[in-house]
Amino acid sequence: TARWGGSTMGSQTAGLFAGGATPSTKLNNSEEYDGSSWTAGNNLNTARGLMAAGGNSTQTAGLAFAGTTSTGPDNTGVTNATEEYNGSSWTSVNNMNYSARNLGGAGTQTSAVSAGGVPVLATTGEYDGTNWTAGTSLPAGLQDNQGMTGDSQTAAFVVAGEGPPGSRTTDTLEYDGTNWTAGGSINTGVMQNGASGTLTAGLTFGGTTGSRVTTTLGYDGTSWSTRPSMATARQYAHGAGTNVATFVAGGLGPPGGAITNTEDFTGETTALNVKTLTQS
């Protein structure tokens, strides 16, 4: 199903895409990815789009939260609903500590973090597998900051997004479960980009700088460097996986409609040639 603004999680060979939007409706269906094809999974309890996920959750222990249920002006249907997936069905669990759409999410089903969202929120939430509690606020309000990833609520980052309306940021903010600190900046401000991987081995891809881009960048915990570009420019570039094995699916592509295509990214690895030296 062509869609954008949904939740993605899992890995390149066991991925999950739930919810999202088309121009006329919000969706509740989910699909599972095995590295080569998509199959239908069971539906979310609450149809919604512009939502977030614990992106490093697995296909059999997923986490999706927030978003909007409205098919009209989106702010009227903003929700704090949270659902968990067990590989077969979705279950509604305790709500987030705040309602938001166009926000970032990271972590797993038992250790997740959310940040920002419309309207330019600085709010942060932490999920321990049962309850949401307020975390330390972002240094400044942020929305359209889907470029968020990390393997737990104590090791996550968000890159780029929109600050005051119309201002796309280049900032990376790292979260250790207590404080937000500045990481390495990217060169060009972007929003509605995707992200995958971990705090010290992450990726960001796609988004819009005013026009949709194919750009992919890698993060080592200190600085960003260029990676091969995607084939299809897209904003709301939904993806999950590692910095050397990520999938990207759906989103808004040219000429602005929801798309169905999936791309897989395989990073470079370096093999060491070790020789033993002997003294003659």
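The values are calculated or read from the model by the stated rules, or taken from the named source; none is laboratory data. Predicted model only: the values in this text are computed from it and were never measured. Cβ coordinates were reconstructed from backbone atoms using ideal geometry, including for glycine residues, and neighbour counts include every protein chain displayed. Ligands, DNA and RNA are stripped out before the accessible areas are found, and what is left, the full protein with its side chains, is counted by its heavy atoms. Shrake-Rupley method; radii C 1.70, N 1.55, O 1.52, S 1.80 Å.
A Cβ distance below 7 Å, combined with a sequence gap of six or more or placement on separate chains, defines the contacts here; from segment 203-225, residues that are among the acidic types (Asp, Glu) reach residues that are open to solvent by 10 Å² or more (accessible area, probe 1.4 Å) in the pairs Asp220/Thr200; Asp220/Ala201. Take the conditions assigned to a strand (DSSP E or B), open to solvent by less than 20 Å² (accessible area, probe 1.4 Å) and in contact with a strand residue (DSSP E or B) (Cβ under 6 Å, 6 or more places away or on another chain) and apply them to Gly218. Does it pass? The answer is yes for Gly218.
Can you pull out every residue in segment 58-78 that is of a type outside the set (A, V, I, L, M, F, W, C) and open to solvent by 20 Å² or more (accessible area, probe 1.4 Å)?
In the first step, residues of segment 58-78 are kept if they are of a type outside the set (A, V, I, L, M, F, W, C); the result is 58-60, 62, 67-77.
Within segment 58-78, Thr58, Gln59, Thr60, Thr69, Thr71, Gly72, Pro73, Asp74, Asn75, Thr76 qualify.
Could you tell me whether segment 104-119 includes any residue that is in contact (Cβ under 8 Å) with a residue 24 or more places away in the chain and over 22 Å from Gly202 (Cβ atoms)? Yes: segment 104-119 contains one or more residues that are in contact (Cβ under 8 Å) with a residue 24 or more places away in the chain and over 22 Å from Gly202 (Cβ atoms). When each of Thr79, Thr39, Thr22 is tested for being touching an Asp or Glu at 6+ places or on another chain (Cβ under 6 Å), farther than 14 Å from Ala240 by Cβ and among the hydroxyl-bearing types (Ser, Thr, Tyr), the lone residue that passes is Thr39. When Ser92 is tested against the conditions (1) assigned to a strand (DSSP E or B); (2) within 20 Å of Ala155 (Cβ to Cβ); (3) open to solvent by 40 Å² or more (accessible area, probe 1.4 Å), the lone failure is (2).
Would you check which residues across segment 80-103 are more than 15 Å from Trp132 (Cβ to Cβ) and of a type outside the set (S, T, N, Q) and list them? Of everything in segment 80-103, those that are more than 15 Å from Trp132 (Cβ to Cβ) and of a type outside the set (S, T, N, Q) turn out to be Tyr85, Gly87, Trp90, Arg101.
When you check Ser114 against the structure, is it surrounded by fewer than 21 Cβ atoms within 10 Å (Cβ to Cβ) and in contact with a strand residue (DSSP E or B) (Cβ under 8 Å, 6 or more places away or on another chain), yes or no? It is false that Ser114 is surrounded by fewer than 21 Cβ atoms within 10 Å (Cβ to Cβ) and in contact with a strand residue (DSSP E or B) (Cβ under 8 Å, 6 or more places away or on another chain). Collect the residues in segment 14-32 that are open to solvent by 10 Å² or more (accessible area, probe 1.4 Å), in contact (Cβ under 8 Å) with a residue 24 or more places away in the chain and assigned to a loop (DSSP other than H, G, I, E, B), keeping them in residue-number order. Scanning segment 14-32 gives Ala14, Pro23, Ser24, Leu27, Asn29.
Please verify whether Gly55 is over 25 Å from Gln153 (Cβ atoms) and either outside any strand (DSSP E or B) or open to solvent by 20 Å² or more (accessible area, probe 1.4 Å) (or both), treating the condition exactly as stated. Taking the combined requirement at face value, the residue does not satisfy it. Every test in (1) aromatic (Phe, Trp, Tyr); (2) farther than 22 Å from Gln192 by Cβ; (3) under 16 Å from the mean Cα position of the chain (by Cα) is passed by Tyr85 save one, and that test is (3).
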